[in-house]
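To start, the structure under review is shown below, and the notes come after it.
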Amino acid sequence: MSKKKRKALKDIFNGKKRDTLRNKSSSLSSDSFRYEQNHSNKRKKVRIRKRNDGLSRQLKRIKKQVKYNIGTFLQRIAGRENVSNKRDTRHINKNPNAVRRTKRVEPYERHSSYGGYRTSTVYTRRRIARRRRRTIVKIKRIFFIAFVFVTVFLFSFIAYYKPFKTTVVGDVTLRGDVTYKTQIIGVDTKNIKTGTNYAFNVQNVIEDHFNNKVIDNVDKSLITINVTSENLKNKVSVNKNVINIDDSVTSGSVLNMVVSYKKLSKSYSYTIKDNLSEEIDKNMIITNPNEYDAVVNKERHLSSSYKPSDLVKPNIDFMQSNESVMYLRKDAAKALEELCKDAQSSGYKFYGVSGFRSYSLQVDVYKDNIAQYGNEEDANFYSAKPGESEHQLGLSMDLSTKEVNYQLVESLGDTPAGKWLEENCYKYGFIIRFPKDKEKITGYSYEPWHIRYVGKDLAKIIHDNNLTLEEYFESDKY
Ligand SMILES: [Zn+2]
């Protein structure tokens with residue numbers, strides 16, 4: 001060993017810098033050193049890459065795991081338990097030599113996605129199990145939805161109604177937010193009757209969502225009632241909070257009124273309509289013969305002594321000269337004059353035949369009719385018994401025309417004049433009292449000549465709805 005070499009070795013052992021050594025060694029053997037260096041770099045790179053690969057794969061695995069866990073969690077809370085993932089593969093026939101129990105193999109059992117054959121028993125068992133799992137999943141889902149609904153309902157119920165907040169008024173416990181209000185209590189009916197008292201009241205009320213409690217009644221003298229129907233203003237008596245409608249108001253009239261209390265006011269609208277059953281006594285005699293809407297028929301009679309007090313002779317032409325049957329009550333006479341006048345200007349000339357007939361006169365008429373028809377039954381269909389005739393009311397008139405020879409015949413209804421009368425008489429307050437095809441209701445044959453005054457309101461309702469007087473009172477619709 002030369003001196004130089006020995007010194008170099010000595011330096012190494014004395015801890016001289018590696019670089020120096022490398023430089024020295026490279027200078028000693030540069031080729032082998034370069035090889036050594038390159039190789040070590042390569043190994044290093046591979047190592048790093050491997051490490052990185054390991055990391056990314058690990059990350060991937062973690063990601064996958066997290067994703068799966070979240071998915072499973074979501075499915076579980078929604079009651080959807082991973083049906084497909086739980087597919088049970090234990091029943092795959094692992095032994096290819098196993099003997100199948102059934103000879104017949106359905107095509108769908110063979111070549112399944114699992115490969116190989118399965119016995120139908122296994123298949124059925126799996127199918128049942130799967131079905132059961134699905135049913136359970138469905139039930140769970142329903143329960144979950146129901147639970148959500150109930151919870152939401154409960155929370156909103158409590159939030160809205162505040163059942164735990166109570167107010168005690170007297171013996172009533174009110175829950176939640178309460179409101180105080182004053183309200184007018186009207187007459188709760190569509191129709192009101194004449195000659196009857198109806199009271200309107202005002203109440204102070206405290207209420208929650210479910211209950212209400214009247215806390216005190218108010219001073220009734222502060223209630224004011226104002227009738228707004230012009231035609232009824234003088235026919236409605238108002239006494240503080242009570243109203244009473246005069247008997248002369250006909251059924252079918254509309255009563256509009258406003259009830260006020262301090263700053264509060266409420267409008268009411270009622271139709272006047274009497275109750276027929278209350279206007280008859282035990283002898284079938286009606287108690288309201290002076291009212292324009294009085295109903296007289298075979299079940300509702302007039303007393304033999306009844307005679308209206310306001311009979312006048314209407315200024316129309318009559319076909320006969322017997323003055324005793326020319327009268328009508330004042331309003332009816334006036335309306336008939338207008339009717340005849342307007343009919344004439346339309347080209348139809350009507351002649352009065354018979355208006356008011358007293359009870360005693362009707363006795364004679366009825367006797368004549370029995371003689372004419374030969375028996376009482378027919379006579380009663382074509383004319384009225386004494387006390388059952390509307391003519392005694394002084395509200396009915398029989399009319400005829402030259403066209404039908406001044407006779408009272410059904411054919412009048414087919415003539416233009418008869419048709420005009422049927423279509424227009426309601427405008428004057430009259431109705432055709434015994435219409436065609438209503439014989440069973442009225443009890444009388446068709447009489448196109450017999451018009452009856454009932455007042456304009458009621459006449460219009462009866463005309464517009466094609467009713468008889470009886471039908472109007474029997475129905476709740478009008
Ligand atoms: Zn008549």
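Values quoted throughout were computed directly from the atomic coordinates according to the rules given, and no laboratory measurement underlies them. These numbers were taken from a predicted model, which means no experiment stands behind them. All Cβ positions, even for glycine, are placed from backbone atoms using ideal geometry, and neighbour counts span all protein chains on display.
Dipole check for segment 335-476: with +1 at the C-beta of Lys and Arg, -1 at the C-beta of Asp and Glu, and the Cα centre as origin, the magnitude is about 460 Debye. Of the chymotrypsin sites (Phe, Trp or Tyr not before Pro) in segment 157-220, the ones in a loop by DSSP (not H, G, I, E or B) with at most 16 other beta carbons within 10 Å are Phe164, Phe210. Loop-located GluC sites (Glu not before Pro) across segment 275-335 with a Cβ neighbour count of 14 or fewer within 10 Å are Glu299, with loop assigned by DSSP. The count of lysine pairs in segment 115-230 with alpha-carbon distances below 30 Å, taking only pairs 8 or more places apart or on different chains, stands at 10. Cross-link partners for Lys5 among the lysines, with Cα-Cα distance under 16 Å and sequence neighbours closer than 8 places in the same chain left out: Lys16, Lys24.
Once the convex hull of all Cα atoms in segment 164-298 is built, its volume per residue stands at 148 Å³.
Shape analysis of segment 283-474 places it in the rounded category; the axes a ≥ b ≥ c from the Cα gyration tensor give an a/c below 1.5. Label-to-label distance, Ser260 versus Lys42, with points set 7 angstrom from Cα along the beta-carbon direction: 11.3 nm.
Distance check, please: which entries in Lys307/Lys385; Lys313/Lys456; Lys402/Lys436 exceed 18 angstrom between their Cα atoms? Pairs exceeding the cut-off: Lys313/Lys456; Lys402/Lys436. For segment 262-316, rounded, prolate or oblate, judged on the Cα gyration tensor with a ≥ b ≥ c (square roots of eigenvalues), a/c < 1.5 rounded, else prolate if a/b > b/c? Note, shape of segment 262-316 comes out oblate.
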